[in-house]
Amino acid sequence: MNAHPTAAVIDCGTSAVRALLVELRGDEVRVLEDIVRPVALGEGLTGGKLSHDTMSEVISAIRDICAAMRTYGIARVRAVATSGVRESANGDILIERVRAATGIQLEAIDGAEEARLYYAALLRLLARERQRLPNEALMIEIGGGGTVLGHIRKGALVRSSDEHYGTVRVIERFACLRDSSDYAVSIERDACGAARMMLVRYPTARLRTIYANGGDVRRLLALIAPSELSIAPLSASALRAWYREMRTLSRRARAERCGCDEREADLLLPAAAVLMHICAVTDIEEVLVTRTTLRDGLVADLLPGSRGPHYLDRERILAEAHMLVERFGGNIAYAENTASLAVQIFDQTKALHGLGERERLLLEFAAWVHDIGAYINVRERHKHTLYILSHTDIAGLNAEEKQLVAQIARYHRRSPPEPHHEGFQALDRRHKVVVVQLASILRLAYALDVEREQRIRRLRCEIAPGRLLIRVDRRQIALERVALADKKQMFEEAFGLAVDILPREGE
């Protein structure tokens, strides 16, 4: 019997189903088997449907992995799917067919979770190489179905995005030009626009380092600047020289030059082109190619000290909230104080709501970002905040938690939930209650800084028979009383207590 625990991680990507079977020896990982089974999930991108044959290939691949797992006695497994399944119109059917055929629960993860996994893999690689993250870095993974980006600031993943620029996606779009001299030129021009769009909301002037990964990126490194290093430099000038050569060659000649078949050579073009233009936009002369995969991030979640899927610590998640406020031109001091007041009320009313640390973090995040919708329109800012959060990748929060944060922030002002509010009504009963409770707390905090000057920073809640008394360290609180009168109804209905604010003693 093996003395060390074993586990399997499975990545169902756009072009292959990949698995690592590993033995965990404390912080060390021994790979028992590295399995790759080619599949073609590109037909599922942008809402297409996966065919019956494609689904059968995925099921067959996972069955092979399960058979290998049994030989090692592996029972612990996490299986994820990326854009090829996530974007397909019938991806849920594939997930259910995989479960029924193999017992494996395949999770279609969003771009934020992909970014978190690549970040976890990068941290582990850097620790192994005894290197530290720079203060400002961009992490980019170029896959077949999409590109995942992450902004790392002072060691924290503070922003991520999932872009519809993937090597498979690009070459299929330009299939009509494959035998034309315009093929490589058009891919490069397309990549120029894609790079600019990807980076439009990233602080390009502050970035100092780019970490790049992905199968096609590693193949480019092997062709252009072969290296055995786990973190190897690939210069933009070398990429440009290689691409200039590729532009002059026929499709067959490119494949011969790259030592692969024509399709594999085609996939290298969009990877090289977008890296070139990302370097141009950021004015960085080289990227650092890392030998990390999504599976490395999945394995990192299994190691001692990890909190598991979708988890980032509070500081890293709130760093994302800070970045959102900054990106949408918000008042940082106001947002931070509102979050502080909301958390104080939460902590001092636990006897009423009975919620835990995770709900506390969701409230704190929502309080930080509740006002960002004002960037679009001040009057309807609560609705625009809901829209922004619903369509923003937030690493460290799963899709369910992201919707809770969006709903909590949406109800910080104006009407409480109504029967025609579809987003709220789509929540299950338990989550509706959580949103109402946390949004009602946020409304109280919002009312206590209505002039946005942070006059009130500390408060003390007292729960008396039928009342919640909020004591503040200010004597002149007439404005706060008026604001609170307009915002307290939701809390009073949620908890059955009248709310009042009391000034500093001696008024």
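The values are calculated or read from the model by the stated rules, or taken from the named source; none is laboratory data. Computed from a predicted model, the values in this text were never measured in an experiment. Backbone-built Cβ (ideal geometry, glycine too); neighbour counts: all protein chains shown.
All of (1) touching a residue at least 60 places away in the same chain (Cβ under 8 Å); (2) under 22 Å from Leu125 (Cβ atoms) hold for Arg196 with one exception: (2). Screening the stretch 443-507 for strands (runs of 3 or more DSSP E) wholly inside it with 2 or more residues that are of a type in the set (A, V, I, L, M), in contact (Cβ under 8 Å) with a residue 24 or more places away in the chain and touching a Lys or Arg at 6+ places or on another chain (Cβ under 8 Å) returns the ranges 467-472, 498-502.
Based on this model, can you work out whether Ala194 counts as touching an Asp or Glu at 6+ places or on another chain (Cβ under 8 Å), modelled with pLDDT under 95, of a type in the set (A, V, I, L, M, F, W, C) and not assigned by TED's automatic domain parsing to the domain that holds Arg18?
Here the answer is no, as Ala194 does not meet what is asked.
A single entry from Gly48, Gly103 fulfils the requirement of being at positive phi and surrounded by fewer than 21 Cβ atoms within 10 Å (Cβ to Cβ): Gly103.
Taking the numbered list (1) touching a helix residue (DSSP H, G or I) at 6+ places or on another chain (Cβ under 8 Å); (2) modelled with pLDDT of 95 or more in turn, Gly354 passes all entries but (1).
Among the residues of this structure, Tyr202 counts as one that is in contact (Cβ under 8 Å) with a residue 12 or more places away in the chain, assigned to a loop (DSSP other than H, G, I, E, B), of a type in the set (Phe, Trp, Tyr) and closer than 24 Å to Asp393 by Cα. Would you point out the residue of the stretch 228-250, among those that are without any contact (Cβ under 8 Å) to a residue 60 or more places away in the chain and in contact with a Leu (Cβ under 9 Å, 6 or more places away or on another chain), that is nearest to Leu117 (Cα to Cα)? The residue in question is Ala232.
Listed by position, the strands (runs of 3 or more DSSP E) inside the stretch 71-183 whose residues that are within 22 Å of Ile231 (Cα to Cα) and touching a Gly at 6+ places or on another chain (Cβ under 8 Å) number at least 2 are 136-142, 147-153, 156-163. I'd like to check something: does the stretch 257-269 contain any residue that is at negative phi, buried (at least 16 other Cβ atoms within 10 Å of the Cβ), in contact (Cβ under 8 Å) with a residue 12 or more places away in the chain and within 26 Å of the chain's Cα centre (by Cα)? Within the stretch 257-269 (the criterion being at negative phi, buried (at least 16 other Cβ atoms within 10 Å of the Cβ), in contact (Cβ under 8 Å) with a residue 12 or more places away in the chain and within 26 Å of the chain's Cα centre (by Cα)), the answer is yes, since at least one residue qualifies.
Just one residue in the set Phe346, Phe365 is of a type in the set (Phe, Trp, Tyr) and closer than 20 Å to Arg116 by Cβ; that residue is Phe365.
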